[in-house]
1. Please specify each residue of the stretch 483-521 satisfying the condition of being open to solvent by 50 Å² or more (accessible area, probe 1.4 Å), closer than 20 Å to Pro377 by Cβ and not small (Gly, Ala, Ser).
2. Taking Leu76 as meeting all but one of (1) modelled with pLDDT of 95 or more; (2) surrounded by fewer than 21 Cβ atoms within 10 Å (Cβ to Cβ), write down the number of the exception.
3. Every residue in the stretch 190-223 that is hydrophobic (A, V, I, L, M, F, W, C), under 21 Å from Met48 (Cα atoms) and either part of a strand (DSSP E or B) or open to solvent by 10 Å² or more (accessible area, probe 1.4 Å) (or both), please.
4. Ser331 versus (1) modelled with pLDDT of 95 or more; (2) open to solvent by 10 Å² or more (accessible area, probe 1.4 Å): which is the lone unmet condition?
5. Please identify the pairs in which a residue from the stretch 146-167 that is farther than 28 Å from Lys122 by Cβ and without any contact (Cβ under 8 Å) to a residue 60 or more places away in the chain has its Cβ atom under 8 Å from the Cβ atom of a residue that is open to solvent by less than 10 Å² (accessible area, probe 1.4 Å) and β-branched (Val, Ile, Thr), counting only partners at least 6 apart or on another chain.
6. From the residues in the stretch 302-324 that are crowded, with 16+ Cβ neighbours inside 10 Å and in a helix (DSSP H, G or I), which one is modelled with the lowest pLDDT?
7. Any idea how many residues of the stretch 373-391 are modelled with pLDDT under 95 and among the aliphatic types (A, V, I, L, M)?
8. Considering only the stretch 436-529, give the strands (runs of 3 or more DSSP E) lying wholly within it that have at least 2 residues that are free of Cβ contacts under 8 Å to residues at least 24 places away in the same chain and more than 27 Å from the chain's Cα centre (by Cα).
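The values are calculated or read from the model by the stated rules, or taken from the named source; none is laboratory data. Model, not experiment: these values are computed from the prediction. Backbone-built Cβ (ideal geometry, glycine too); neighbour counts: all protein chains shown. Side chains included, ligands, DNA and RNA excluded: accessible areas come from the protein's heavy atoms. Shrake-Rupley method; radii C 1.70, N 1.55, O 1.52, S 1.80 Å.
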Amino acid sequence: MGQLKKFSMFLLTLPLMGCTTVPTSTTDKRLENYTPKITASDFQYDPMQTPIAKCYARELNSRDGISGATLIEDGLSAFVIRAAFARMATKTIDLQTYIYSNDFSSKVLIAELKRAADRGVKVRILLDDYGTKSDIVDVMLLNQHPNIEVKVFNPVANRSRLLYYPQFLMDFNRLNSRMHNKLFIVDNIAYITGGRNVGSNYFYPETAANFSDTDVLFIGDMTKYATASFDEYWNYHLSVPAAVFPKAKSKKDLRKLEKKLENAEQERASAAMEYNKIITLAQNEYKKKKFDFSWGYGKFLADPPSKVEMSMNEKEKYRGDIIRALQTLWSDTKDSVYMSAAYFVPGQGGLEHMLNEEKSGVHITIVTNSLASTNAPTVYAKWEKYRKDLIKSGADVYEFMLSAENLRGKEHDRERKQSSFSVLHSKTIVFDDDISWIGSFNLDPRSAYYNTENVAIFESREFADKLRQMIINDTKTSWRVTLDENDDTIWTGSRPGDKQPRVYHHSPDTSVFRRFWKILTNLVPEKFV
């Protein structure tokens, strides 16, 4: 490691042509004269007077602190609802995301944000540097709009691709920790949170590798806490204005982007017409109060942005609001826990707690990725360490199928299909059929100790029943994992058309190479997965 550090320092001193550095903090003198375009005064309005709030004014005024929640199960609905709410916005839009993919769906979404800004809506966009490759994404160009401000969280200084990764060795503790939060807030009265980043593989089920995910649209009192969290990140010194990034200042590139969006709309006029019809239909459904809201009370929790700057020792001892809330909910649970956990590594302490819960009569159902479906085999390798003990305790364990060309269940109006390669990406839990947990937080060490995360906790038996049923439906497109008489793991499940269940004695749909690679990844310490 010492030699690598020396080599990195040598690279960083190379005088490369065209090499650009940017501030990594707003305390940098280069930002002394920076003037923000969007300020607190832009939020001096009553959210209850916005059109979005007025649609459900009776419900929102019925009780203090009440909020409504509706599940967004499939990617297409997730995109349509975001676009529809961007069109209904009259005051402000805040977007916070870990990944921005700069693909077709992403460009269509930022076009919606630009149209809102053209109407006078103030738009703030906060991107994580590592998750967005921020120097090349088109969303940076929107910073030139008078009503749009873009910031990049936790950036590396040197923007040369050659020097990008060596910098991680020089400042590993900070740069290894990322802003994993996901928020889409409209008019400070409605917000979407869950597992989805911004990209076609989160929205469009026909992509080669589709993330099977879950979001929730909330309206009401909870939103003000989501906005407060966004504000905390927005004003933190590691949120650097896009104005200092070369890409964001290119007027020529902005004109190219605008032309590209105009040409696409003209060339695909019929498709654009159909698209607009769908967005208008979603708007009308909302205005006619046809959204399936459940009403209850909730909390929005997020790690502080300062988490990324904690020392390694501080991070490994860190117990923030999210972890404390999770521990409290587990301790208060009496009957059942249903979990859809994309990346599940409970740790020894978490395992012992769940074993004790099963022993005391709390039945646990877990849906997580299989080795075939996961995009993180390192995480799967660590999950295997805990799986057998959970099965022996009586927990029901399921692993997501690589491909299941069937519907998610007819109980819901919106159907969600898996693509040819589906990765489970949900992070949801239901406690005692009463309290729901949803957000960006994975039940693994990276979320617990390194990345910043956010979750919504919502108390409504009606909503919890819907979320629990969604998880149960996911078990139908998953392998049931059990143990045989020799204590060896077996996978059982059926695909459409199967007359008999299939039984495997190794991870289904995997090659020898993938299974071998999984064994190799066990060399990575658990705390770094």
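1. Tyr504, His505, His506, Asp509, Val512, Phe513, Arg514, Arg515, Phe516, Trp517, Ile519, Leu520 - these are the residues of the stretch 483-521 that are open to solvent by 50 Å² or more (accessible area, probe 1.4 Å), closer than 20 Å to Pro377 by Cβ and not small (Gly, Ala, Ser).
2. Evaluating Leu76 over (1) modelled with pLDDT of 95 or more; (2) surrounded by fewer than 21 Cβ atoms within 10 Å (Cβ to Cβ) leaves (1) as the failure.
3. Kept after step one, since they are hydrophobic (A, V, I, L, M, F, W, C), are these residues of the stretch 190-223: 190, 192, 198, 203, 208-209, 211, 216-219, 222.
Going one step further and asking which of them are under 21 Å from Met48 (Cα atoms), we end up with 190, 192, 216-219, 222.
Those that are hydrophobic (A, V, I, L, M, F, W, C), under 21 Å from Met48 (Cα atoms) and either part of a strand (DSSP E or B) or open to solvent by 10 Å² or more (accessible area, probe 1.4 Å) (or both): Ala190, Ile192, Val216, Leu217, Phe218, Ile219.
4. Checking Ser331 against (1) modelled with pLDDT of 95 or more; (2) open to solvent by 10 Å² or more (accessible area, probe 1.4 Å), the one that fails is (1).
5. Tyr164/Val156
6. Lys315
7. Total satisfying the criteria: 1.
8. On the way: elements: 454-459, 478-483, 489-493, 502-504.
The qualifying strands (runs of 3 or more DSSP E) are 489-493, 502-504.
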